[in-house]
């Protein structure tokens, strides 16, 4: 009987090729996975702004106007979630004094849990007999990836007859175009997180 002295296994070159292939796949997959995670976090802005829209419309039905709401949460833009930090509605908030209704609690809105984005609304006041409809804008800003370029979203109403764009702005966003499509959450800076 003849003895087989050949050893079975992988050569060093074969192992190096496998490691190189795994490295190439990781180099492609990891950035795409990170980008996918960031894109999924932007859904927060769309969901919260949908809730703000519903609450603003309910507020308008009761008070004949929209609320002008300050930035919430009041903290600076960051890469981590922070508590909503709801502030109590001013006790003078009323139909004839809705300028005092300057918190999200006045319109009955608060998201469940913490948020990445900072939210704010602005409005135009309806003028009775003047043909000016009440309008509002809600905007959201966050820096999810920490590159100091803020992702920004805007929602603007279209209550006036024939209105398809709105030029309303808030104090937290400056990069949205002068005219943004009304009635939809608009990404002012696509692919910036």
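The values are calculated or read from the model by the stated rules, or taken from the named source; none is laboratory data. All values derive from a computational prediction rather than experimental measurement. Cβ sites come from the backbone with ideal geometry, for glycine too, and all protein chains shown count toward neighbours.
For region 45-67, the set of residues classified as outside any helix (DSSP H, G or I) and over 20 Å from residue 183 (Cβ atoms) consists of 64 only. Filtering 20, 100, 75 for residues that are loosely packed, with under 13 Cβ neighbours inside 10 Å and either within 27 Å of residue 144 (Cβ to Cβ) or assigned by TED's automatic domain parsing to the domain that holds residue 142 (or both) leaves a single hit, 75.
Residue pairs whose Cβ atoms lie under 6 Å apart, separated by 6 or more positions or on different chains, with the first residue in region 63-80 and within 22 Å of residue 42 (Cβ to Cβ) and the second exposed (fewer than 14 other Cβ atoms within 10 Å of the Cβ), are 73/85; 79/146. Here residue 91 qualifies as assigned by TED's automatic domain parsing to the domain that holds residue 154 and exposed (fewer than 14 other Cβ atoms within 10 Å of the Cβ).
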